[in-house]
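The structure appears below as structure tokens.
Each value in this text was obtained by applying a stated rule to the coordinates, not by laboratory testing. Remember, it's a predicted structure, so these values are computed and weren't measured experimentally. Every residue, glycine among them, receives a Cβ derived from its backbone with ideal geometry; neighbour counts consider all protein chains shown.
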Amino acid sequence: MKLSHYSVPELLKKASSNNGIILLVGPFSVRLRTRNHQLVSNLRDLYQDFSTCSVKNQIVDFHIDMFSPSNHRRWIKPQINFSIDGLFPFSPFSVSHATPLFEWGFNWCIARNAQNFLLLHAAVLEKNNKSLILPALPGSGKSTLAAALSHSGWRFLSDEFCIIHPSDGKIIPIPRPTPLKNESIQIIRDFSPDTFIGPLFHNTRKGTIGHLRSPTSAIEQQHKPGTPRWIIFPRYQSSSKTTLMPLDKSFSQMKLASNAFNYEIQSEVGFKTVTRMVDNCDCYNLTFSTLNSAISILDTLADNV
Amino acid sequence: MHEVKKQIQSRKWSVPQNTTLLIKQRQDSAIVFHSKSGETHQLNDIGIAALLIIQQHPVSLNDLADQINKLYEVETPSELTVRLQRLVKDFEILGLIEPFKE
């Protein structure tokens, strides 16, 4: 049953119970328990097309609780805690930032616990059944470009994690909402006015954040793995000419390895997985100043395979 | 001084025991994964040639220079030896090689 089949009061009742809400997101299942109305309402909007199920029918990967602290911060400048399996990996956040805290906490759960996969910090999209991997540092325009591509005929697999199964080198989709930051929020609103962006959260550690809901089609196909074909390192540069320059594979491999969450932990498996991926992909540097020019060049690349 | 230099050049080098080096060679460079440190290094053609020679069997700097010279027909062998001396030192710092224990 999709999350959107439940009303907010129904979901809040579930989330407040001992069993919580179970969300099936990519290869993971998450149980969330909370009494925070705003968080439940936001998650219903952002994860509306994801499935939920009964705790009795599902082995849960991450048991997340988000409750107010049991001290005066429950009422005075109220805060909220994120905990997993009884651990509190973060300091409490302002209760008004519960949604970004959930998203960051979910990232933390994956990066820390999903060690059966190789985890790259990259967005992933797909066209013509070939996957495009966009690894990048913050500020490179990766999320903005990925969001624009996902509304331009590309299948959206992920914004934050490129999850690779070491056994076959396939990419496992996890099409969670994309956290757009600062100017990117208006850029995507202008680019695709029909998209849904949740409430804006100001003064977070990354500035203002608005979460972009993923296309329904991406979630419907979230169990269909991707085949790596292109590794493209994007870089937004205002007033620059849009260029796509081939990149040396060994250099690309070094960049990818340094961009992974758990490459060292994966050790030889990580090396072999990245090596295979680079061997199977064409590697490029993409410099762009407008989304339309970047999409056009990537469309041409994908259509000429 | 001359004696010390000679000693350094005749000291043999080898890949440490219980160390796995995974190597992916491509056109002009190679990537080496060092199992003990978990680090990955990018080497140019001479670097990877030197490492592969040392991996095959323990070798002195002089022998290494001779073998590389044969492969690349270097015009100035003395410069090559200096370069390899630096390279061997770097390899040792990275833990890729160590002085050979007879």
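Here are the numbers for the structure shown:
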{"read-out": "Calculated diffusion of region A:3-113, Stokes-Einstein form, Kirkwood radius summed over Cα pairs, 25 °C and 0.890 mPa s, µm²/s", "value": "175"}
{"read-out": "Along principal axes, Cα extents of region A:229-292, largest first, whole Å", "value": "42, 21, 18"}
{"read-out": "Positive minus negative residues near A:P215 (Lys, Arg vs Asp, Glu; Cβ under 15 Å)", "value": "0"}
{"read-out": "Kirkwood Rh and Cα Rg combined as Rg/Rh, region A:146-305", "value": "0.96"}
{"read-out": "Gyration tensor verdict on region A:145-191 (Cα atoms; rounded if a/c is under 1.5, prolate if a/b is larger than b/c, oblate otherwise)", "value": "prolate"}
{"read-out": "For the protein assembly as shown, the spread of Cα positions along each principal axis, largest first, Å", "value": "84, 49, 39"}
{"read-out": "Scattering curve values for region A:82-218, log₁₀ I(q)/I(0), Debye with Cα scatterers, q = 0.14 Å⁻¹", "value": "-0.67"}
{"read-out": "Exposure proxy ranking, count of Cβ atoms within 10 Å, fewest first, for A:F102, A:F62", "value": "A:F62, A:F102"}
{"read-out": "Computed magnitude of the charge dipole of the protein assembly as shown (debye, nearest 20; Cβ of K, R +1, Cβ of D, E -1)", "value": "1280"}
{"read-out": "Bins of 10 Å, starting at 0 and running to the largest distance - Cα pair percent for region A:128-208", "value": "16, 47, 28, 8, 0"}
{"read-out": "For A:D159, B:D45, order by how many other beta-carbon atoms lie within 10 Å, fewest first", "value": "B:D45, A:D159"}
{"read-out": "Cα centroid separation, region A:249-305 to region A:164-211 (Å)", "value": "20"}
{"read-out": "Residue-averaged [θ]222 nm for the protein assembly as shown, counting only DSSP H segments that reach four residues, each worth -39500 (n - 2.57)", "value": "-11500 deg cm²/dmol"}
{"read-out": "10 Å-binned pair-distance histogram of region A:55-106 (Cα, whole percent)", "value": "25, 49, 21, 6"}
{"read-out": "Fewest-first ranking of A:L46, B:L61, using other Cβ atoms within 10 Å as the exposure measure", "value": "B:L61, A:L46"}
{"read-out": "Förster radius 41 Å - calculated FRET efficiency between A:K77 and A:Q186, Cβ distance, rounded to 0.05", "value": "0.90"}
{"read-out": "Distance in nm between pseudo-label sites at B:D45 and B:I93 (7 Å out along the Cβ direction from Cα)", "value": "2.6"}
{"read-out": "Set of aspartates and glutamates near A:K2 by C-alpha distance (under 14 Å), chain-local residues within fewer than 8 positions excluded", "value": "A:E10, A:D45, A:D49, A:E220"}
{"read-out": "Whole-number D in µm² s⁻¹ for region A:166-237, Kirkwood Cα-pair radius fed into Stokes-Einstein, 37 °C, 0.692 mPa s", "value": "228"}
{"read-out": "Where a label projected 7 Å from the Cα of A:K2 along Cα→Cβ would reach, residues of region A:36-64 with amide N under 17 Å", "value": "A:42-53"}
{"read-out": "Whole-Å distance, taken between Cα centres, linking region A:137-159 and region B:49-91", "value": "47"}
{"read-out": "Neighbourhood net charge (11 Å Cβ-Cβ; Lys/Arg +1, Asp/Glu -1) for A:A257", "value": "-1"}
{"read-out": "Nonlocal Lys pairs with alpha-carbon distance under 25 Å, region A:128-227 (8 or more apart, or different chains)", "value": "9"}
{"read-out": "Pairwise centroid distance, computed over Cα atoms, of region A:2-54 with region A:233-248, Å", "value": "40"}
{"read-out": "Computed over region A:118-303: relative contact order in percent, which uses C-alpha pairs under 8 Å that are six or more apart", "value": "27"}
{"read-out": "Solution diffusion estimate, µm²/s, Stokes-Einstein, region B:11-95, Kirkwood Rh from C-alpha pairs, 10 °C, viscosity 1.306 mPa s", "value": "121"}
